[in-house]
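Here is the structure we will look at, set down as structure tokens.
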Amino acid sequence: MIMSDKIKPDQANPAPGEAAPEQVPDWLGNRLRRMFNDVMQEPVPDEFKALLKQLEDKERGS
Amino acid sequence: MAGSDPFLDQITALLPALRAFGRSLCGDPARADDLVQDTVLKAWTNRQQFQTGSNLKAWLFTILRNCYYSELRHRKFEVEDPDGISASQLAVSPDHDAKLQLRDMSRALQQLPIDQREALVLVCATGLSYEEAAAVCQVAVGTIKSRIARARDRLVELLGDDAAQVVEPGSPLGQVDSTTTTGHTTRRTRAS
């Protein structure tokens, strides 16, 4: 169940025929994405909603 | 909830990515959330500068990165965290291999120089292109690539070659987060 297995870090600039020198091995790329996605899955703390609401209210008020 | 301001709605949608990017940069959940709050405020104040149609995510990452760097300049005594102490706080529930792996990953990441860390995260984790990452970091694409190469070499060194042989855990992490993220949600950002 590794969804991102196929996504290569060099997706932006695939160098056809040869491995790009900056290529990151799959296991490392997968782990980085998993670490990142782990945080993305967290519920956003309420204080952010409060902040955005405050901004929106201010906008309406002005 | 349904904000009528489309700009704020888009920012709201990008909050998870901003929090993740902030945490990758500084390694500390509470501090990262402070950075995200600053970012949202700055983005709102400067929203006229954002060109509709361009990449809002990259724009917000740029702001967050600037916030982080200016914070670093003001907190020199805390600039680096060579022992990965704050990164270790990322370990929420090291009750299975996947979590341990992520903790090791986070620690290793925090041992990289910041310029390598941000390049690697931007391209390999956030999904920005090399060009977008270069714009965020205000360097050439070639610089981003060489930073990524150096970051990769160092991480392979830190995490070991055998990491390649470790069978990735079968548990779909995308589904287990409700049980593993509660530690973070109780953390409050510092009042600023």
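The values are calculated or read from the model by the stated rules, or taken from the named source; none is laboratory data. Worth saying up front: this structure is predicted, and the values here are computed from it rather than measured. Every residue, glycine among them, receives a Cβ derived from its backbone with ideal geometry; neighbour counts consider all protein chains shown.
Quick notes
- When residues in the stretch B:1-14 are screened for being within 8 Å of chain A (Cβ to nearest Cβ) and touching a residue at least 24 places away in the same chain (Cβ under 8 Å), 2 of them pass.
- Within the option set A:Glu56, A:Glu18, A:Glu42, being of a type outside the set (Ser, Thr, Tyr), surrounded by 13 or more Cβ atoms within 10 Å (Cβ to Cβ) and at pLDDT below 90 holds for one residue only, A:Glu56.
- Any hit, the stretch B:7-14, residues being closer than 17 Å to A:Val39 by Cβ, modelled with pLDDT of 95 or more and under 13 Å from the mean Cα position of the chain (by Cα): yes
- Filter result for A:Glu47 (in a helix (DSSP H, G or I), in contact with a Gly (Cβ under 6 Å, 6 or more places away or on another chain) and either surrounded by fewer than 21 Cβ atoms within 10 Å (Cβ to Cβ) or modelled with pLDDT under 95 (or both)): no
- Scanning the stretch B:28-47 for residues that are more than 16 Å from B:Asp9 (Cβ to Cβ), among the hydrophobic types (A, V, I, L, M, F, W, C) and under 18 Å from the mean Cα position of the chain (by Cα) gives B:Ala30, B:Ala32, B:Leu35, B:Val36.
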